[in-house]
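The values are calculated or read from the model by the stated rules, or taken from the named source; none is laboratory data. No experiment lies behind these values; they were computed from the predicted model shown. Note that each Cβ is placed from the backbone with ideal geometry, even for glycine, and that neighbours are counted across all protein chains shown. Side chains are part of the model used for accessible areas, which takes the heavy atoms of the whole protein and leaves out ligands, DNA and RNA. Shrake-Rupley method; radii C 1.70, N 1.55, O 1.52, S 1.80 Å.
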Amino acid sequence: MPLVKAGFVVLDCAEPEKLAVFYRELLEAEQTEATANRVEIRGADGTRLAFRRDMNATPPSWPRPENSLQAHLDFVVEDLDEVERRIVGLGGRPMEAKDAPGPYEVRGYADPAGHSFTLRRVAPTAPKQG
């Protein structure tokens, strides 16, 4: 029997309830637990996220070096445009990013609290050209 029962990526934010709604809707997840200072969700694919209240939390400033990115979430999707529309509709925003090299199409975003995350689509055939 494993000693560790579950793992979560935990994002600090001022309003965990609101941020949990953003990711719950984006990932079509279910809320699995909520306390006064923490909300946990689990996506249909098993992704587990938690949102912890920290009134002093400041979002990373990626891609700028001050208060730089320390970690980010990476989601694999089939349709980048469709998911982008959903992200913006839920209160997220696209972030300026350079085209990624290699066989992946990648786009960067910030959630409503400013945490960065990436959508990644594996090219169905050949690597992107140009």
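Electrostatic tally near Arg24: other residues with Cβ closer than 15 Å to its Cβ, Lys and Arg +1, Asp and Glu -1, net -4.
To put it simply, the accessible area of segment 1-60 at a 1.4 Å probe is 51 percent carbon and sulfur.
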